[in-house]
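Q: My questions all concern the structure below.
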Amino acid sequence: MIYNMEFETMPREALEAIQLRRLQATVERVYANVTFYREKFKQNKVSPADIRSLDDLQRLPFTTKQDLRDNYPFGMFATPMDLVVRIHASSGTTGQPTVVGYTARDIQTWAQLMARALMAGGADRGDIIHNAYGYGLFTGGLGVHYGAELLGASVIPVSGGNTRRQVMIMKDFGPTILTATPSYSLHLVEVAEEMGVSFKNLKFKFGIFGAEPWSETMRAEIERKLNLVAVDIYGLSEVMGPGVAIECKEAKRGLHIFEDHFIPEIIDPVTLQRLPYGQKGELVFTTITKEAFPVIRYRTRDICSLNPEPCICGRTHLRMSRVTGRSDDMLIIRGVNVFPSQIESVLMDTEGVTPHYQLIVDREGALDVLTVRVEVGEKMFSDEVKQLQAVEKRISHNIKELLGVSASVKLVEPKTIARSEGKAVRVIDNRKL
Ligand code: DLL
């Protein structure tokens, strides 16, 4: 089943026939079992019988994170609790956590999708997978774990944290695949260096990184420092967890969405109209096989575009472009829209600075003030103060050029910005306090 690429290489027409059948069944199920959906459909004067084609999906209302919060914790479950075997929740850093549930079959489907994802990203049954995604309510650790076991690989359930011990394990057990957030992988390298361990002497072939935005420049840096091929994996708890989409190792250009289980759409976040392929907008997902927690037209807030072109790997599934940020990550600084990834791109183009940075926003009087703190490497840190000031000025100038906002840039000593064991915290917005 896992090794069968049948679903991933299916001609479009056959795939769409499966999607329609599964969509119709899902819509019927949520209408029958979830009060929220039934009422929302009624308000929008649409019923399951109206879904006759895939295009009819557009007649259904959207679901938002607020809807999930309003039904906290289990109000959106479509099966009775005695069929729910697992519960996960999002970290809740932006408010109340969102809670999701899985039936035994959902866990099986997730494991299969994660096994398929791991294979697409370079793993196979002979591999040893060092899984540094956090285990717990976060979906990363257990999601990868079940997929890796189903694939038949050996999984080391190391989770996040206790970094020195992780380095020792990497050295002694010889793992061949690393799964972690991109920011944590860079921290692993730092700690390894402190311990006198070089990634050049480790056995990693591929790294499967996700759960937070990262850029092409960051990929180049990770591949060089970790001496492996880095692929991007995407997912979110509301839709399943990791394994919704992944880059194939052959092309590493865009993430194939597992369309036999999820229907993606891109919408304009303001008009809510569907956008054509190639255009960037907000990614929306409808799950078509989930039992306990199906979602209909869930607005992810993630910004990307869809690419229908065939891929050299042979997969026919749509590819989503790298998620460079979320619409709710967007900072508005003196009226200008700023995405942390745009500042990251300026930093990463500056020689001598590291990918460890933080954006701090304050309000002084009526004015928003943006400070960018970024670490420099050891070599640059030993430069004269004057030279460091010149670099600060240059970065500030480039930010102004690109984004039109003034930022005060502070180069800081190596290893002074807190490292995260999971998702990096890039923005501290003191205006919200
Ligand atoms: O982050 C699931 C996951 C675990 C994905 C491990 C990949 C690897 P949540 O905690 O619910 O789930 O966070 C989901 O993280 O809406 C995106 O904003 C962001 N995100 C996830 N993967 C990527 C990625 C997991 N590859 C939220 N690139 C999503 C950019 C990502 N952002």
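The values are calculated or read from the model by the stated rules, or taken from the named source; none is laboratory data. It should be emphasised that the depicted structure is a prediction, and the values quoted were computed from it without experimental measurement. All Cβ positions, glycine included, derive from the backbone under ideal geometry; neighbour counts span all protein chains shown.
Q: Tell me whether region 332-349 contains one or more residues that are modelled with pLDDT under 95 and more than 27 Å from the chain's Cα centre (by Cα).
A: yes
Q: Continuing with the same structure: Do the conditions hold for Ile288, that is, is it crowded, with 22+ Cβ neighbours inside 10 Å, in contact with a helix residue (DSSP H, G or I) (Cβ under 6 Å, 6 or more places away or on another chain) and more than 21 Å from Gly141 (Cα to Cα)?
A: Answer is yes for this residue.
Q: In addition: Counting just the residues of region 319-341 that are more than 16 Å from the ligand (Cβ to nearest atom) and not β-branched (Val, Ile, Thr), which one comes out surrounded by the fewest Cβ atoms within 10 Å (Cβ to Cβ)?
A: The residue in question is Gly335.
Q: Give the residue that is nearest to the chain's Cα centre (by Cα), with candidates limited to residues of region 290-318 that are within 16 Å of the ligand (Cβ to nearest atom) and among the basic types (Lys, Arg).
A: Arg301
Q: Let me ask you something else. If a residue has to be closer than 17 Å to Tyr357 by Cβ, at pLDDT below 95 and surrounded by fewer than 15 Cβ atoms within 10 Å (Cβ to Cβ) to count, how many in region 379-399 make the cut?
A: 1
Q: Residue by residue through region 210-230, note down the ones that are among the polar types (S, T, N, Q) and either touching a Gly at 6+ places or on another chain (Cβ under 8 Å) or within 11 Å of the ligand (Cβ to nearest atom) (or both).
A: If the condition is that a residue be among the polar types (S, T, N, Q) and either touching a Gly at 6+ places or on another chain (Cβ under 8 Å) or within 11 Å of the ligand (Cβ to nearest atom) (or both), then Ser215 is the only one that fits.
Q: What single numbered condition from (1) free of Cβ contacts under 8 Å to residues at least 60 places away in the same chain; (2) among the small types (Gly, Ala, Ser); (3) within 16 Å of the ligand (Cβ to nearest atom) fails to hold for Ser53?
A: (3)
Q: Same structure again: Restricting to region 279-338, give me the number of residues that are in a strand (DSSP E or B) and aliphatic (A, V, I, L, M).
A: Result for region 279-338: 10.
Q: Let me ask something else about it. Filtering region 411-420 down to residues that are of a type outside the set (A, V, I, L, M, F, W, C) and surrounded by 14 or more Cβ atoms within 10 Å (Cβ to Cβ), which residue is nearest to Gly352 (Cα to Cα)?
A: Ranking the qualifying residues of region 411-420, first place goes to Pro414.
Q: Inside region 180-196, can you point out the residues that are of a type in the set (A, V, I, L, M), in a helix (DSSP H, G or I) and farther than 20 Å from Glu216 by Cβ?
A: Leu188, Val191, Ala192
Q: While we're on this one: Restricting attention to region 51-65, which residues are within 12 Å of Phe36 (Cα to Cα) and not in a loop (DSSP other than H, G, I, E, B)?
A: Listed by number, the list holds a single entry, Thr63.
Q: Determine which single condition Ile233 fails, assuming it passes every other condition in (1) within 15 Å of the ligand (Cβ to nearest atom); (2) at positive phi.
A: (2)
Q: Working only within region 408-433, note down all residues that are assigned to a strand (DSSP E or B) and within 16 Å of the ligand (Cβ to nearest atom).
A: Val427
Q: Could you list, in sequence order, the residues of region 19-50 that are under 14 Å from Phe293 (Cα atoms) and outside any helix (DSSP H, G or I)?
A: Correct list: Val34 only.
Q: While we're here: Quick one: which residue in Val100, Val144 is within 11 Å of the ligand (Cβ to nearest atom), part of a helix (DSSP H, G or I), buried (at least 20 other Cβ atoms within 10 Å of the Cβ) and at pLDDT 95 or above?
A: So the residue among Val100, Val144 that is within 11 Å of the ligand (Cβ to nearest atom), part of a helix (DSSP H, G or I), buried (at least 20 other Cβ atoms within 10 Å of the Cβ) and at pLDDT 95 or above is Val144.
Q: Okay, next question. If only one of Ile107, Ile129 is within 15 Å of the ligand (Cβ to nearest atom), over 17 Å from Ala211 (Cα atoms) and not in a loop (DSSP other than H, G, I, E, B), which one is it?
A: Going through Ile107, Ile129 in turn, the sole match is Ile129.
Q: Mind telling me which of the residues Phe258, Phe285 ends up being under 18 Å from Cys311 (Cβ atoms), within 14 Å of the ligand (Cβ to nearest atom) and at pLDDT 95 or above?
A: Phe258
Q: Okay, next question. Name every residue in region 168-183 that is away from the ligand (no atom under 11 Å from the Cβ), at pLDDT 95 or above and crowded, with 22+ Cβ neighbours inside 10 Å, in order of residue number.
A: Met170, Pro175, Ile177, Leu178, listed by residue number.
Q: Now a separate question. Please find, among Gly152, Gly196, Gly161, the residue that is modelled with pLDDT under 95, away from the ligand (no atom under 12 Å from the Cβ) and assigned by TED's automatic domain parsing to the domain that holds Ala104.
A: Matching residue, one of Gly152, Gly196, Gly161: Gly161.
Q: Going through region 151-162 one residue at a time, which ones are touching a residue at least 40 places away in the same chain (Cβ under 8 Å) and crowded, with 20+ Cβ neighbours inside 10 Å?
A: Correct list: Leu151, Gly160.
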